[in-house]
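Q: Got a structure here, written out as structure tokens. Questions coming.
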Amino acid sequence: MSHDSTAAPETAARKLSGRRRKEIVAVLLFSGGPIFESSIPLSVFGIDRQDAGVPRYRLLVCAGEEGPLRTTGGLELTAPHGLEAISRAGTVVVPAWRSITAPPPDDALDALRRAHEEGARIVGLCTGAFVLAAAGLLDGRPATTHWMYAPTLAKRYPSVHVDPRELFVDDGDVLTSAGTAAGIDLCLHIVRTDHGNEAAGALARRLVVPPRRSGGQERYLDRSLPEEIGADPLAEVVAWALEHLHEQFDVETLAARAYMSRRTFDRRFRSLTGSAPLQWLITQRVLQAQRLLETSDYSVDEVAGRCGFRSPVALRGHFRRQLGSSPAAYRAAYRARRPQGDRPADTEPPLPGPGQPGPPMGLAGSAPVGHGPAVLHPDRDSGVPMQSRRTAAGAVGLLPGPRSGN
């Protein structure tokens, strides 16, 4: 699934400067970047496939810093252009950044800002979003990155509306994608935007990939909190909450267990996780409901009670807002795709009912990664507004809430 907000007036694309050309794509490479992500825009925009009906782009590979550029496996690359070549490009792609904790070079950030001011389309693939954020180009905008790095992006750049569920986000003149293969999805989207479905379909056939992928990153999410919470005093309260999701309690209960006022607890929790505690708690209850819908025959009403929701109506509302599907539709789609007889309920201990203690689940608070088939969201494209989905916390608990006016 992608989010396309090109119609939003505050992000309307600037007019392209006269010295820039729409057909010229500059790819900005840095030392230490992974070679797979780096190669995606080189392959999409750098190979002449006019014989297959794909309009040609002109590719400029630019070094974002002094070379040689070392990449995966110790390979050394020499880019034919420097930052000065970006001044000709109508699209600038940053396919990856070497470290989510290291600041990008100032010269590269200045070049990106200039390109954006002159109307160029700026694209960040995977960790390339960190470079765009460091340049200030994602301030006040929706964006995505690899789900594993999304909490760090949200925490470091709180003005960015990070959504770890999307494969890519098109916000008009600034676009970002999730990790690795999602870069292909975004590059195909760019070709589709520039030249239509037929050209994008022809390119997809050449690349032997689907022209459009449905769903988002939810099926790949590691449903855990940031690692650093383990050393924080709040970790004990979080662990208690995860072990008692089948009980009805609220954030005031958690604050009392932490011996803090509600205001102090909210501030400490948000600074630690990037999410408000109420958002996080609702998200964990929905994740627990997902697991029960997949592994048990409990009715939706029973699932609601076993996940601490005060009513089935509350479960249905939060479930749809967070996952874009009703609980019943989610279960039906999950079972339709699962082979008959291949259900884990017989191999796992039963989950607790209301008022019964639950097994310790650690900080993950959900089924292990790789448990069962890919998570399905049958109604992901059923018209649930992006703004509504953005207001629910992501599965790693970090969305800062909707952007006004979008």
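FYI, it's all coordinate maths here, none of it is from the lab. For clarity, every value in this text was computed on a predicted model and none was experimentally measured. Neighbour counts are summed over all protein chains in view; Cβ atoms, including those assigned to glycine, are modelled from backbone coordinates with ideal geometry.
Q: What ranking, highest mean first, results for peptides 144-155, 77-88 when packing means the other Cβ atoms within 10 Å averaged over each residue?
A: Highest to lowest by the protection proxy: 144-155, 77-88.
Q: Rounded to whole Å and sorted largest first, what semi-axes of the equivalent ellipsoid does the C-alpha gyration tensor of segment 2-218 yield via the square root of 5 times each eigenvalue?
A: 22, 21, 18
Q: Between Thr78 and Arg56, what is the label-to-label distance in nm when each label sits 7 Å out along the Cα-to-Cβ direction?
A: So the two model labels end up 2.6 nm from each other.
Q: What are the residues whose amide H is under 5 Å from the amide H of Leu175, where those residues sit 5 or more places off or on another chain and H is modelled from the backbone?
A: Amide H neighbours of Leu175: Ile122, Val123, Gly124.
Q: Can you work out ³J(HN,Hα) from phi for every residue in segment 32-42, in order, using Karplus 6.51 cos²θ - 1.76 cosθ + 1.60 and θ = phi - 60°, giving whole Hz and x for Gly and Pro?
A: x, x, x, 6, 5, 4, 5, 7, 4, x, 5
Q: Here's another thing I want to ask about it. Students often check this: by mean Cβ neighbours within 10 Å, which of 16-28, 131-143 ranks highest, and how do the rest follow?
A: Top of the packing list down: 131-143, 16-28.
Q: Please compute the modelled spin-label separation between Tyr259 and Ser87, points set 7 Å along Cα→Cβ, answer in nm with one decimal.
A: Going by the 7 Å Cα→Cβ label model, 6.3 nm.
Q: Also, I was wondering about something else. Within 12 Å, Cβ to Cβ, of Thr71, how many net charges do the neighbouring residues add up to if Lys/Arg are +1 and Asp/Glu are -1?
A: Taking every Cβ under 12 Å from that of Thr71, the sum is 0.
Q: Rule-of-thumb check for segment 11-138: C-alpha Rg over 2.2 N^0.38 Å?
A: Details: Rg = 14.0 Å, N = 128, 2.2 N^0.38 = 13.9 Å.
Working it through for segment 11-138, the quotient is 1.01.
Q: In addition: Out of residues 5 or more away from His161 or on other chains, whose amide H comes under 5 Å of its own, with H placed 1.01 Å from N in the peptide plane?
A: Correct list: Gly140, Arg141, Ala143.
Q: So, R0 is 25 Å and r is the distance between the beta-carbons of Ala333 and Val209; what FRET efficiency does that work out to, to 0.05?
A: Between Ala333 and Val209 the formula returns 0.60.
Q: Over all directions, average the projected area of the Cα convex hull of segment 11-52 and note it in nm².
A: Over all viewing directions, segment 11-52 projects a mean Cα-hull area of 5.2 nm².
Q: Within segment 88-132, what residues put their amide N at less than 19 Å from the label point 7 Å along the Cα-to-Cβ vector of Arg70?
A: Those under the cut-off are 96-105.
Q: Same structure, new question: Restricting things to alpha carbons, tell me how big segment 116-195 is in terms of Rg and Dmax, in Å.
A: Computed over the Cα atoms of segment 116-195, radius of gyration and Dmax are 11.5, 37 Å.
Q: Sorting check: for 164-173, 289-298, which peptide has the highest mean count of neighbouring beta carbons within 10 Å, and how do the rest follow?
A: 164-173, 289-298
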